[in-house]
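Okay, structure first, notes after.
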């Protein structure tokens, strides 16, 4: 299953997959704002102010690039030959084509080249050609979809589940503004935007704890292999809380990045302790 399951986890992953495309635009420097709206009919709208999905004819497919992206696995920017994003979020990375295929209906609006471009789908199949609409200012993409009740065990989205994931995404994508709007029942709205990135994330985690030092330790680095950011702040708790992410995905089970961090931190602290005489020659390492 491309989205993991047909239960609540898979249902909510539909939203994440669409949002991840917007986040990729933000990481690349082309998107500042993403809005996720939950409608009373169980549909969801995700809109951003990125560059908009390309609408020109696809060289190989001989149809609009937007239609190719919406109907072909791995056809988005993160899988482009030589032109993909340098850093890309997304757990499965299959693109919006899977969201389209698993939706009873989907409406696409692309704002690009001075116009709105519209196309509707039903269970992944185009209901007509991509059409040029009215003139518009700015750029971006808006996708509205209704999950297929014949596929999913339930089609009602949980606000808190989405809020927690979107808040985490905002922490990991510095300065990106993510809005979650619930138009159901009494309505609700939250806005997530963090200029400090993961430093703000650590502050959030330590919000109700007794911290041992006021300033959060932060460093980052970039090389050909990729980029890394680390933020640390100790507190008086006897339990450690370490959160690790790779390409904006929470790596709950750890991995080589966590092992490498632990080794480097331990080695550095031991070297400092011996240099300052806090550990004697006969003392074991920390």
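For the range 43-68, filtering for residues that are more than 18 Å from residue 111 (Cβ to Cβ), in a loop (DSSP other than H, G, I, E, B) and at pLDDT 95 or above leaves 1. Scanning the range 273-286 for residues that are in a helix (DSSP H, G or I) and surrounded by 11 or more Cβ atoms within 10 Å (Cβ to Cβ) returns 273, 274. Restricting the search to the range 33-60, which residues are closer than 18 Å to residue 116 by Cα and without any contact (Cβ under 8 Å) to a residue 12 or more places away in the chain? Residues satisfying the conditions are 56, 57.
Take the conditions (1) assigned to a helix (DSSP H, G or I); (2) touching a helix residue (DSSP H, G or I) at 6+ places or on another chain (Cβ under 7 Å); (3) at pLDDT 95 or above; residue 17 misses just one of them, which is (3).
Residue by residue, here is whether (1) surrounded by fewer than 12 Cβ atoms within 10 Å (Cβ to Cβ); (2) under 30 Å from residue 23 (Cα atoms); (3) out of contact with any helix residue (DSSP H, G or I) (no Cβ under 8 Å at 6 or more places or on another chain); (4) in contact (Cβ under 8 Å) with a residue 60 or more places away in the chain holds:
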position	(1), (2), (3), (4)
215	yes, yes, yes, no
222	yes, yes, yes, no
225	yes, yes, yes, no
231	no, yes, no, no
245	no, yes, no, yes
260	yes, yes, yes, no
271	no, no, yes, no
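Residues that are surrounded by 18 or more Cβ atoms within 10 Å (Cβ to Cβ) and touching a helix residue (DSSP H, G or I) at 6+ places or on another chain (Cβ under 7 Å) within the range 1-11 comprise just one, 3. Being touching a strand residue (DSSP E or B) at 6+ places or on another chain (Cβ under 7 Å) and either buried (at least 22 other Cβ atoms within 10 Å of the Cβ) or not assigned by TED's automatic domain parsing to the domain that holds residue 139 (or both) is a property that residue 43 lacks. In the set 252, 213, 257, only one residue is at pLDDT below 95 and assigned to a loop (DSSP other than H, G, I, E, B); that residue is 252. When the residues of the range 187-209 are filtered to those that are in contact with a strand residue (DSSP E or B) (Cβ under 6 Å, 6 or more places away or on another chain) and in a loop (DSSP other than H, G, I, E, B), which remaining residue is nearest to residue 171 (Cα to Cα)? The qualifying residue nearest to residue 171 (Cα to Cα) is 193. No other residue among 188, 177, 184 is assigned by TED's automatic domain parsing to the domain that holds residue 48, closer than 27 Å to residue 161 by Cα and either loosely packed, with under 10 Cβ neighbours inside 10 Å or free of Cβ contacts under 8 Å to residues at least 60 places away in the same chain (or both) apart from 188.
For the range 103-134, the set of residues classified as surrounded by fewer than 17 Cβ atoms within 10 Å (Cβ to Cβ) and under 14 Å from residue 67 (Cα atoms) consists of 120, 122, 123, 124, 125, 127, 128, 129, 131, 132, listed by residue number.
The values are calculated or read from the model by the stated rules, or taken from the named source; none is laboratory data. Not measured: the values here are computed from a predicted model. Neighbour counts are summed over all protein chains in view; Cβ atoms, including those assigned to glycine, are modelled from backbone coordinates with ideal geometry.
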